[in-house]
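What follows is a single structure, written as structure tokens, with notes after it.
The values are calculated or read from the model by the stated rules, or taken from the named source; none is laboratory data. Predicted model, so just to flag it, every value in this text is computed and none were measured. Here Cβ is always computed from backbone atoms with ideal geometry, including for glycine, and neighbour counts include all displayed protein chains. Surface areas here come from the heavy atoms of the whole protein model, side chains and all, with no ligands, DNA or RNA. Shrake-Rupley method; radii C 1.70, N 1.55, O 1.52, S 1.80 Å.
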Amino acid sequence: MVSLEEAVIARLKTDGENFEILVDPNLALRYKRGENIDFGELLAIDKIFKDAKSGEKASEQMMNTIFGTTDVYKIVQIILQKGDIHLTTEQKREILKEKKRKIISIIARKAINPQTNTPHPPSRIEKAMDEAKINININKSAEEQVETVMREIRRIIPIRFENIDVAIKIPSRYAGGIYGILREFGEIKKEGWDKDGNLLLLIEIPAGLQDEFYKKINGLTHGEGQVKILRR
């Protein structure tokens with residue numbers, strides 16, 4: 001548990017009410033990055049305040065009305081996800097850097113250059129974001145900001161989200177355990193076996209993953225698997 005001297009205030013203002021908690025700034029930063037943390041270590045005091053500086057606690061009735069619970073840890077998660085944390089300048093910089101990296105990763109995995117039907121490398125997406133002077137919102141998740149970023153960088157580079165259907169033929173000796181791996185890429189739409197015992201699959205994946213997908217199939221089958229794009 002963090003000491004009161006080292007704790008900072010995390011605050012959520014909603015429905016005209018104020019909710020505050022006292023948290024370890026470093027653990028709060030890790031939580032913002034998506035890491036799992038021990039809330040017992042995060043909090044200086046296991047209480048939800050209306051005003052942490054004066055020690056005034058939030059009313060249970062108001063917590064039930066707004067959050068549907070009085071469970072401290074559930075409310076802590078909501079405050080951290082949607083509220084503001086009094087972080088240092090360096091901590092805020094680290095959060096923004098991580099969110100930017102995640103946004104770039106999401107776009108690189110899902111988008112293509114429609115002029116060439118090939119994925120954009122992350123470095124090109126980052127350069128376009130910098131040229132568009134995009135400001136990352138520290139209080140929104142990377143996923144929530146992807147559409148806004150895409151809209152802005154379309155002014156800089158040709159880019160769009162697209163899924164493709166891919167047909168795969170996998171020799172039977174490599175078929176065991178492959179489903180879990182393939183589902184990491186997309187949705188398996190059809191499956192069957194041919195007369196030679198090969199596993200046949202039709203899977204829909206984000207177009208930006210095609211190079212990574214080819215490499216994965218090639219590695220899993222030692223070059224014996226076959227991959228063919230059926231639809232763009």
Taking E187 as the residue in question, decide whether it is touching a strand residue (DSSP E or B) at 6+ places or on another chain (Cβ under 8 Å), open to solvent by 20 Å² or more (accessible area, probe 1.4 Å) and either among the polar types (S, T, N, Q) or in contact (Cβ under 8 Å) with a residue 12 or more places away in the chain (or both).
yes
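Select from the stretch 126-150 the residues that are open to solvent by 20 Å² or more (accessible area, probe 1.4 Å) and in a helix (DSSP H, G or I) and write down the one among them that is nearest to E162 (Cα to Cα).
In the first step, residues of the stretch 126-150 are kept if they are open to solvent by 20 Å² or more (accessible area, probe 1.4 Å); the result is 126-127, 130-131, 133-141, 143-144, 147-148.
If we keep only those that are in a helix (DSSP H, G or I) as well, we get 126-127, 130-131, 143-144, 147-148.
Working: E126: 19, K127: 21, D130: 23, E131: 24, E143: 17, E144: 18, E147: 14, T148: 17 Å.
Per the criteria, the residue is E147.
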Filter the stretch 24-46 down to the residues that are acidic (D, E) and over 20 Å from S141 (Cα atoms) and list them by number.
D24, D38, E41, D46
Sort out which residues of the stretch 153-177 are under 20 Å from K189 (Cβ atoms) and part of a strand (DSSP E or B), and write them in order of number.
F161, N163, I164, D165, V166, A167, I168, K169, I170
Please verify whether the stretch 205-213 includes one or more residues that are modelled with pLDDT under 90 and either farther than 28 Å from K102 by Cα or open to solvent by 70 Å² or more (accessible area, probe 1.4 Å) (or both).
yes
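Give, as residue ranges, the helices (runs of 4 or more DSSP H) completely inside the stretch 1-111 that count at least 1 residues that are touching a residue at least 60 places away in the same chain (Cβ under 8 Å) and surrounded by 18 or more Cβ atoms within 10 Å (Cβ to Cβ). It would help to see each step written out before you state the result.
Values: elements: 25-32, 39-42, 60-67, 72-82, 89-110.
Filter on the stretch 1-111 gives 25-32, 72-82, 89-110.
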Scanning the stretch 111-145 residue by residue, the ones that are more than 17 Å from the chain's Cα centre (by Cα) and of a type in the set (G, A, S) total 3
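Could you grab me the full set of residues in the stretch 203-232 that are small (G, A, S) and assigned to a helix (DSSP H, G or I)?
Filtering the stretch 203-232 for residues small (G, A, S) gives 207-208, 219, 223, 225.
Those that are small (G, A, S) and assigned to a helix (DSSP H, G or I): A207, G208, G219.
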Report yes if some residue within the stretch 152-170 is under 30 Å from L29 (Cα atoms) and open to solvent by less than 20 Å² (accessible area, probe 1.4 Å); otherwise report no.
yes
Among the residues of the stretch 218-232, write down those that are over 17 Å from K189 (Cα atoms) and open to solvent by less than 90 Å² (accessible area, probe 1.4 Å).
N218, G219, L220, T221, G223, E224, G225
